[in-house]
1. Taking the stretch A:205-238 on its own, how many of its residues are surrounded by fewer than 17 Cβ atoms within 10 Å (Cβ to Cβ) and outside any helix (DSSP H, G or I)?
2. Among the candidates B:GLY35, B:GLY51, B:GLY60, which residue alone is within 12 Å of another protein chain (Cβ to nearest Cβ) and not aromatic (Phe, Trp, Tyr)?
3. Of all residues in the stretch A:362-412, which are surrounded by fewer than 18 Cβ atoms within 10 Å (Cβ to Cβ), under 19 Å from A:ALA350 (Cα atoms) and out of contact with any Phe, Trp or Tyr (no Cβ under 8 Å at 6 or more places or on another chain)?
4. Which condition does B:ALA39 not pass, out of (1) in contact (Cβ under 8 Å) with a residue 24 or more places away in the chain; (2) surrounded by 11 or more Cβ atoms within 10 Å (Cβ to Cβ); (3) closer than 22 Å to A:ALA334 by Cα, if it passes all the others?
5. Residue check: is A:GLU143 in a helix (DSSP H, G or I), closer than 28 Å to A:LYS399 by Cα and in contact with a Leu (Cβ under 6 Å, 6 or more places away or on another chain)?
6. Could you identify the single residue in B:GLY104, B:GLY95 that is at pLDDT 85 or above and within 22 Å of A:SER330 (Cα to Cα)?
7. Pull up the stretch B:63-85, narrow it to residues that are more than 13 Å from chain A (Cβ to nearest Cβ) and under 13 Å from the mean Cα position of the chain (by Cα), then point me to the one that is surrounded by the most Cβ atoms within 10 Å (Cβ to Cβ).
8. For A:ALA203, are the conditions met, namely being at pLDDT below 95, of a type outside the set (Asp, Glu) and within 16 Å of the chain's Cα centre (by Cα)?
Amino acid sequence: MQEKELIPHLYRAEFRKITAVLGKVFGIAHIEVAEDIVSDTFLLAAETWGLKGLPNNPTAWLYTVAKNKAKDMLKHDSIFNQKVVNEIKYSSSELHEIEIDLSGKNIQDSQLQMMFAICHPGIPAEAQIGLSLRILCGFGIEEIAVAFLSNKETINKRLFRAREKLKELNVKIEFPPEAEINKRIQNVLTTLYLLFNEGYYSATRDKVLRHDLCLEAMRLTYMLIENESTNKPFVNALLSLMCFHASRFDARTNPKGELVLYDEQDTRLWDRQLITRGEYYLNKAATGNEISKYHLEAAIAYWHTIKNNDEEKWEKILQLYNKLLIIEYSPIAALNRTYAVSKVYGKEKAIEEAEKLNLNNNHLYHTLLGDLYFTVDPHKALEHLNQSLKLSRSAADKKIITGKIRKLDLEKK
Amino acid sequence: MNEFVLIFRTDYLPEVKFSPDEMQSMMQHWQNWMGGIAAQNKLADSGNRLGSNGNTLQPGSVITNGPYAEIKEIITGYIIIRAESIDEAAEMAKGCPLVVGGGGQVEVRNIVPMNG
């Protein structure tokens, strides 16, 4: 590895590990102190290594320095020490010598426990994603700001409020009791899925960053699979779903960074390896009696990796969307189901179903109706596409809709 | 939005047998119909299907064989939907495979709300 890439690489790989371990030692109320110590450690590394050259084992160096900084802090800042000791309530034998264990096992455990703490239903989803990116993924504030199309101040404020809320709720950094895991993990999975979607559907043009967000969401999901008590069928289903979606990552944008719709994608760009991995996790998900929404969504995503466009494919997809909607309604599933109806039963039938959906404020709804009416009634199609253009917010969406309107005009001539 | 129960009634005809293909197609019709209601966010409860085994208890501990309310007609299941009015609920019931394909009836009943 090039030396100039070393620190960013280590930062991405190690920041989150040390932060999780220190955060676990200090308690959620002092998570920011943990982040600061690790940031300081990296700063010291940059200065020292620049001056004296690289140590033999840079990771071990970072662990030792971070550990010493944490111990110093506990030893010399008596107010902080008291707070930590009071809140964590160490047993008396541990009172003066707080152990900081940076072994692989403890790093893994601390990160998982941190995941449960951060993905807490008491703080807004957006803040959960932000904190996850910062603490579980080691993203810089700048990067998070770019991912959210926001600025550093806003993100800092958002993270600050989220940390305050965790403190207020007195969230513990620990595994939920075995009996509660199934319930608590749902919120973790929702956050990981949102994190993935943030990368997959993000309006930011930065393709590398978006790709990173998807990979991070997959990595965190994989951590849950590696751990026995969280290796549940629906977690495998979620990872399978992410693999299938991610397989189209390169196909769904063109070299100019514009979105390419599913029907128009160059299927040679679909990543076979990720599709195979998706199939592997889908098979692993197929145990137990429960069919979760992630199972259904993974199965839908699986059918989308099949290249031919025959009726069987869309019939299967339609049935899966029916089941998904029966379990849990979402506008996007309702729209996708209607699209599948059009593929199986034709546009007239789909229009009839679409007009019952009552999603007039959703730009995707009007885009769908625009597509369905495209050849059936171009005037109505134009009305819907114009409405969609009015309601859409991102430049990428507007571009696609304008493209459709332009095509429509050509066909009328 | 109010809630309504759609109660499915069919004639109990054990002598009528369906081929696997027919059953597959029946299942798809049911799923499409329920999926269509769910897509409008109007499926409150996907309900239950009822089997054909049953006894009916009458006053005086008289037990009659079978779940039949009237001769040969049984309730085979129910779902709960959300609708503004009983007319809208009935409109939604029109798509039910029992009504479309014949072979049964759908009873639409309002649920009396417990809170106000």
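The values are calculated or read from the model by the stated rules, or taken from the named source; none is laboratory data. Here the structure is a predicted model, which means the values were calculated and not measured. Counting neighbours? That spans all protein chains shown, and the Cβs are built from the backbone with ideal geometry, glycine included.
1. Qualifying residue count for the region: 4.
2. The conditions single out B:GLY35.
3. Residues satisfying the conditions are A:LEU364, A:THR375, A:VAL376, A:ASP377, A:PRO378, A:HIS379, A:GLU383.
4. With (1) in contact (Cβ under 8 Å) with a residue 24 or more places away in the chain; (2) surrounded by 11 or more Cβ atoms within 10 Å (Cβ to Cβ); (3) closer than 22 Å to A:ALA334 by Cα applied to B:ALA39, the lone miss is (1).
5. no
6. Checking each option against the conditions leaves just B:GLY95.
7. Among those residues, the one meeting the criterion is B:ILE74.
8. Criteria met by A:ALA203.
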